[in-house]
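For reference, the structure discussed in these notes is given below.
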Amino acid sequence: MKIRLFRPWSVEHFLAALPVSVKQIVVLDRTKEPGAAGEPLYADVLTALTEGYLAGKSPLPALPMVTGGRYGLSSKEFTPAMVKAVFDELAKPNAKNSFTVGIQDDVTFTSLDYDPKFSTEDDHTHRALFFGLGADGTVGANKNSIKIIGEDTDFYAQGYFVYDSKKSGAMTTSHLRFGPKPIRSSYLISDAHFVACHQFPFVEKIDMISSLRQGGTFLLNAPMPKEQVWDNLPIEVQRQLIEKQAKVYVIDAYGVAREAGMGVRINTIMQTCFFAISGVLPKDEAIAAIKKAIEKTYGKRGRIVVEKNFEAVDTALAHLNLLELPAEATSTFSMRRSVPLAAPDFVQDVTARMIEGKGDLLPVSAFPDDGSYPTGTAQWEKRNISLEIPVWDESICIQCGKCVLVCPHAVIRGKLIHPSLLENAPPAFKTADAKWKDYKDLKYSLQVAPEDCTGCTLCVEVCPVKSKTEVKHKALNMAPQPPIREQENRNWDYFLSLPEFDRNKLNPKLVKDIQILQPLFEFSGACTGCGETPYVKLLTQLFGDRALIANATGCSSIYGGNLPTTPYTTNAAGRGPTWSNSLFEDNAEFGLGMRLAIDKQHQYAKELLERLKDLIGEELVADTLAAPQSTEAEIQAQRVRVEQIRERLTGANSPLARDLKAVIEHLVKKSVWILGGDGWAYDIGYGGLDHVIASGRNVNILVMDTEVYSNTGGQCSKATPRGAVAKFAAGGKPTGKKDLGLMAMDYGTVYVAQIAMGANDSQTVKAFLEAEAYDGPSVIIAYSHCIAHGYDMSHGLDQQKLAVETGYWPMYRYNPMLAEDGKNPLQLDSRDPKTPLRQFTQNETRFTMLMRSNPEAAEAFLKGAQKDIEDRWKLYKHLASMEYGVPAEEPPPEPTPSNPAEVAARKNEVQ
Amino acid sequence: MTRPKVTIDGNEAAAYVAHRTNEVIAIYPITPSSNMGEWADEWSAKGIPNIWGSVPDVIEMQSEGGAAGALHGALQAGALGTTFTASQGLLLMIPNMFKIAGELTSTVMHVSARTVAAHALSIFGDHSDVMACRSTGWAMLCSSSVQGVMDLALISQATTIEARVPILHFFDGFRTSHEVAKVEQLTVDDMRAMLPEESIHQLRRRAMTPDKPILRGTAQNPDVFFQSRERVNPFYSNFPAILQAQMDKFAALTGRQYHLFDYHGAPDAERALVMMNRYFAEEYVDYATARARKLAS
Ligand SMILES: Cc1ncc(C[n+]2csc(CCOP(=O)(O)OP(=O)(O)O)c2C)c(N)n1
Ligand code: SF4
Ligand code: SF4
Ligand code: SF4
């Protein structure tokens, strides 16, 4: 029975709708209410039945047996096989109640077993599965195909598309059904007539063939001559193909695309192959329909693009080959392990399964009970998503560290190495004499993690060194990855095995030195070239070993905490950022809560120290309590003291001593960071952010301002500037950007900085250091280029520069400490804007879109925005030039005496 | 052991235990719960410490949403934390309540139950606010007299630390929160006895710290969310027994025995009334039982 009307719940109609023959009822709820007697629908059904029965109004002769279960939480598949399991359970003498279906619960044994092979699908319905990359157009082409089948044939058609939640290199799976009968199967395809693999590297990573039915068709895009394809398939794939007697078609779609002048666009080529093989439409009709779709999709981009696509369609079929399968599997290699054997158990047992796309098979016991996951697991997932990686020319590199700073994925790193450690270096391991005044005897290495690089090229773009002899040659140059992958892997492993250089010997104010600091945020799934992640990485290099991070929901919570892997990691001592995401709207408060907890436990630890003075020793206690902790060295010294106290406490068994042991680590300074995007900081979380900065507490807030809600696809926020087109502001945003920094400065007690790494990296670094050092609330507003801005991200840093030069993004630092010294707290770090705004906006689709669709409005906006810039700059200049004097020493005002009678009266007040 | 007798209202009874057994208290005013926050603030301002000798940090937030967020953060970082609210305020806490429970976090929130505004606002009492939280995964404990508020506040605190399920401790707005009654005051020793240090140290060990970092609040996909969600089941099935054990322990200490369900009336009753609170109903039942006996004899 399907419920249509849930509320108001009509007992009478519900009972009337049941056949009187019913003896057993099972109610499936798609929600979970831990601790409830049953889920809501189950409870309502039970109420209706009992009520009807007791009142004698039930049409059923007796009270049926009723059970309830949960299914489909978080889009877990629900299939006819599971429905069968539910009914089969009813037939048992002690049918489970409060069960689950669709999972394996080996902890509380709620789950029902089901046969995943059981199928009720109509054989006349053709089922097709396509594996592609988010970026290769597979999904778009399949949406097209479904439209063509739906509109150009009498068939019924269905399409469903599954994305993984990585923002770069994400895999997509398209599930297509079509056939003469209406399609009711709203679940994923497991027994496909047709499986297409649009990306050759998938064959050794993902088990696709197990979804292919006996005698089904497998279409493979293989970038090689057809004779070589078979030998390049792993043994497992060969075996399954032979066993299933599959028809295997291969095409070098990238080759065809190249010849047709379409670069890497393979989608129409693969689509053409699909139509040709599946025979859903007569060939000519199919090709005509595809061409019609191409006209529709690419017409806007001009005739040439359309013609190229036409050519690709026409030539595709000539390159499509049926592969003759040998009788036996002969491959000499197996599918790749998704993680290396060296990975920790949890990664082997749980993370790896998720990476392989087999997370559904993990039982309940595999998971932590409270949602706590180990950090440092992203390093094990070698994604190999870039065909090109940077290669270092050590002979001309000036070792500035800029490439390391801007890498959004912490893939390129610098290290200072004692020459004696280089004896066992792999032959291809490169070093140069260190260009550090104090460390001339050391060697310097700049190393890339070849399988983690996303190929964003930001490192190459930022590199300031051009060869004097070779045109276009820099100290970093992109080169094809496959030929050097293994060699660079060995180099990378070796690089990692070398000890980290002593942090205390480095100057954290210098970009050059920062490259030597280990990043504790690496290989995240952020978009290739993301403008947010370099800031996060920098923060972990500077403060990661003592950072607690509260992260607002948004891109940063997804690339920061989206399973399977976790990019935050630890240093050799096992320290690193601890991270949590609460909600989108409460992040400042969430971080403040962390601060309160730390301060409270710090306070308690200090109190206990005082009380245990005799046991621990007066001097050590006094030193610990008075210890300054503003530099790395001072923090290190405090850690040593804490260890000493710990030692002196061994054996001590008083309650106070035991309590101190439980909170002792809080004697070492912790750094609380509150991270999020502009949607959080300017909009939904602003009330909280405002409250938190007003609280005076020592928290550091990093707003990564992409000027839109990036994670949800680029909707307008109050950070969106005038005239920019965003979702929900399709005609251009009519109002100017909110000045969050100015609002924060208004308190006078908040450290505020507005930064843009691409424009001035040392200002960025200064801002982070000052914000952290300030014993109060700090806000850093960081300009973050983003794919939502609509241009090639490799120019992200240039655009940042232009943003600053045009005055679109003024840089400044407002440090309340300066006011205490009688100085103006506001320092402008960018120059008077001289470049017209147009030079910045003309490079980004978010502005140019309007230029094309509504040039008049765009011009008006541009004028308005230019004026915004001028007005704001004038105001800043004025604020920055104000005279500040040293405030006269004044006694603090008397607190108003609290009148006990008044307090008591208030208690009974009612508001 | 003799305990002081004090004449206080329900809010003060709850606040008393909450303040003595917590470290971070995030507050926001809303009738009829405001007084709990006011008491806590006042006591901390006067330097009154909790049972471990440290003065709790009381902070007013910008909304109950913010109070819940701050509470969530404080709990994650290993503090004992609490908050007080009612009605619309409680509704604003719901998003965080799901997370706090999902992460098996020990905490008690004290709610003087109040009507949720519908066609009109009403500051007065019913359970519409508490009932709106049924799906959050919080345990819910109801007390119905000023003494009960104080007692169950402590029993809740002890239970949540052992059971790891957060507890919403509620009592009727105004009728209980503002009723003044003479009660026996729990002592520091009572509270210490109910909150053994080892369980608190365990809670600290689960805290987020960069010294032994973990990651919480991940985003999960269809492949694993459902299984992970069912992982909490044992904590809920163990909860009633843990609570009863704490109630028994409390009874041994104070002589006041509570049960998960307290039946009151004739053992051979044929008609029963079930409800959350039972003060006047009990009065009636006693009256009716006595009358029935009289008639029978
Ligand atoms: C209460 C609530 N509303 C909406 C969402 C959906 N949502 C998740 S992330 C996001 C946008 C985040 O934008 P921003 O803060 O700018 O961060 P960015 O993704 O740009 O880094 C939205 C709207 C949510 N998670 N919670
Ligand atoms: S190409 Fe991009 S990801 Fe690769 S090393 Fe350079 S900056 Fe890092
Ligand atoms: S940016 Fe260029 S010059 Fe600077 S360290 Fe990197 S490779 Fe060397
Ligand atoms: S901020 Fe933009 S570029 Fe970065 S991950 Fe989000 S959408 Fe991608």
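The values are calculated or read from the model by the stated rules, or taken from the named source; none is laboratory data. Bear in mind that the values here come from a model prediction, so they are computed numbers and not experimental data. Positions of Cβ are generated from backbone atoms using ideal geometry, with glycine treated the same way; all protein chains shown enter the neighbour counts. Heads up: the accessible areas ignore ligands, DNA and RNA and are worked out on the full protein's heavy atoms, side chains in. Shrake-Rupley method; radii C 1.70, N 1.55, O 1.52, S 1.80 Å.
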Within the stretch A:675-710, tally of residues that are among the aliphatic types (A, V, I, L, M) and either within 28 Å of B:H201 (Cβ to Cβ) or open to solvent by 10 Å² or more (accessible area, probe 1.4 Å) (or both)
4
Report whether or not A:I385 is away from chain B (no Cβ under 11 Å), within 16 Å of ligand 4 (Cβ to nearest atom) and surrounded by 19 or more Cβ atoms within 10 Å (Cβ to Cβ).
yes
Any residue at all in the stretch A:402-411 that's charged (D, E, K, R), away from every other protein chain (no Cβ under 14 Å), over 30 Å from B:H72 (Cα atoms) and open to solvent by 20 Å² or more (accessible area, probe 1.4 Å)?
yes
Residue check, A:L538 under 20 Å from A:C397 (Cα atoms), within 16 Å of ligand 3 (Cβ to nearest atom) and in contact with a helix residue (DSSP H, G or I) (Cβ under 8 Å, 6 or more places away or on another chain)
no
Restricting the search to the stretch A:80-116, which residues are touching a residue at least 40 places away in the same chain (Cβ under 8 Å) and away from chain B (no Cβ under 14 Å)?
A:P80, A:V86, A:F87, A:E89, A:L90, A:A95, A:P116
Taking the stretch A:455-481 as the search range and keeping residues that are open to solvent by 80 Å² or more (accessible area, probe 1.4 Å) and farther than 21 Å from A:N760 by Cα, which one is nearest to ligand 2 (Cβ to nearest atom)?
A:K472
Test: residue in the stretch A:488-504 that is of a type in the set (A, V, I, L, M), free of Cβ contacts under 8 Å to residues at least 60 places away in the same chain and within 16 Å of ligand 2 (Cβ to nearest atom):
yes
Boolean, B:T83 is at negative phi, more than 8 Å from chain A (Cβ to nearest Cβ), open to solvent by less than 10 Å² (accessible area, probe 1.4 Å) and without any contact (Cβ under 8 Å) to a residue 60 or more places away in the chain
yes
Conditions: (1) within 16 Å of ligand 1 (Cβ to nearest atom); (2) of a type in the set (A, V, I, L, M); (3) crowded, with 22+ Cβ neighbours inside 10 Å. A:I787 meets all but one. Number of the miss?
(3)
Heads up, the strands (runs of 3 or more DSSP E) in the stretch B:1-73 (entirely inside) with at least 1 residues that are of a type in the set (K, R) and surrounded by fewer than 19 Cβ atoms within 10 Å (Cβ to Cβ) are B:5-9
Pairs please, first residue from the stretch A:432-451 and in contact (Cβ under 8 Å) with a residue 60 or more places away in the chain, second anywhere and basic (K, R), Cβ atoms under 7 Å, 6+ apart in sequence or on different chains.
A:P450/A:R485; A:E451/A:K382; A:E451/A:R383; A:E451/A:R485
All-but-one check, A:S654 against (1) away from ligand 4 (no atom under 16 Å from the Cβ); (2) open to solvent by less than 20 Å² (accessible area, probe 1.4 Å); (3) touching a helix residue (DSSP H, G or I) at 6+ places or on another chain (Cβ under 9 Å), failing number (2)
Restricting attention to the stretch A:341-358, the residues that are crowded, with 18+ Cβ neighbours inside 10 Å, out of contact with any helix residue (DSSP H, G or I) (no Cβ under 9 Å at 6 or more places or on another chain) and not in a loop (DSSP other than H, G, I, E, B) number exactly 1
List the residue pairs whose Cβ atoms are under 8 Å apart, where the first residue sits in the stretch A:696-718 and is within 14 Å of chain B (Cβ to nearest Cβ), the second is near ligand 4 (Cβ under 10 Å from one of its atoms) and among the hydroxyl-bearing types (S, T, Y), and the two are 6 or more positions apart or on different chains.
none
Could we say that A:L498 is more than 13 Å from ligand 3 (Cβ to nearest atom) and open to solvent by less than 50 Å² (accessible area, probe 1.4 Å) here?
yes
Among the candidates A:S395, A:S365, A:S334, residue that is farther than 21 Å from A:S165 by Cα, open to solvent by 30 Å² or more (accessible area, probe 1.4 Å), within 16 Å of ligand 3 (Cβ to nearest atom) and not in a strand (DSSP E or B):
A:S395
Of all residues in the stretch A:757-784 being more than 16 Å from ligand 1 (Cβ to nearest atom) and among the aromatic types (F, W, Y), the one that is nearest to the chain's Cα centre (by Cα)
A:F768
Pick from B:S112, B:S135, B:S177, B:S156: which is assigned to a loop (DSSP other than H, G, I, E, B) and not charged (D, E, K, R)?
B:S177
For the stretch B:181-220: of the residues being of a type in the set (S, T, N, Q) and surrounded by fewer than 19 Cβ atoms within 10 Å (Cβ to Cβ), which is nearest to the other protein chains (Cβ to nearest Cβ)?
B:Q202
Looking at A:T431 and the list (1) in contact with a strand residue (DSSP E or B) (Cβ under 7 Å, 6 or more places away or on another chain); (2) within 16 Å of ligand 2 (Cβ to nearest atom); (3) polar (S, T, N, Q), which single condition is not satisfied?
(2)
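Residue-by-condition table, conditions (1) surrounded by 18 or more Cβ atoms within 10 Å (Cβ to Cβ); (2) more than 14 Å from chain B (Cβ to nearest Cβ):
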residue: A:L15; (1), (2): yes, yes
residue: A:V20; (1), (2): no, yes
residue: A:A36; (1), (2): no, no
residue: A:E39; (1), (2): yes, no
residue: A:L49; (1), (2): yes, yes
residue: A:G56; (1), (2): no, yes
Quick one: which residue in A:G688, A:G714 is within 16 Å of ligand 4 (Cβ to nearest atom) and either in contact with a His (Cβ under 9 Å, 6 or more places away or on another chain) or small (G, A, S) (or both)?
A:G714
Could you give every pair whose Cβ atoms fall below 7 Å, whose first residue belongs to the stretch A:204-219 and is closer than 15 Å to A:K117 by Cβ, and whose second residue is open to solvent by 20 Å² or more (accessible area, probe 1.4 Å) and hydroxyl-bearing (S, T, Y), counting only separations of at least 6 or pairs across chains?
A:S211/A:S190
Matching residues, the stretch A:127-174, being within 14 Å of another protein chain (Cβ to nearest Cβ) and assigned to a strand (DSSP E or B):
A:Y160, A:F161, A:V162, A:Y163, A:M171, A:T172, A:T173
Filter pass, B:M97 being open to solvent by less than 20 Å² (accessible area, probe 1.4 Å) and free of Cβ contacts under 8 Å to residues at least 60 places away in the same chain:
no
Only residues that are more than 10 Å from ligand 4 (Cβ to nearest atom) and either within 14 Å of chain B (Cβ to nearest Cβ) or open to solvent by 10 Å² or more (accessible area, probe 1.4 Å) (or both): list them for the stretch A:520-537, please.
A:L520, A:F521, A:E522, A:F523, A:V536
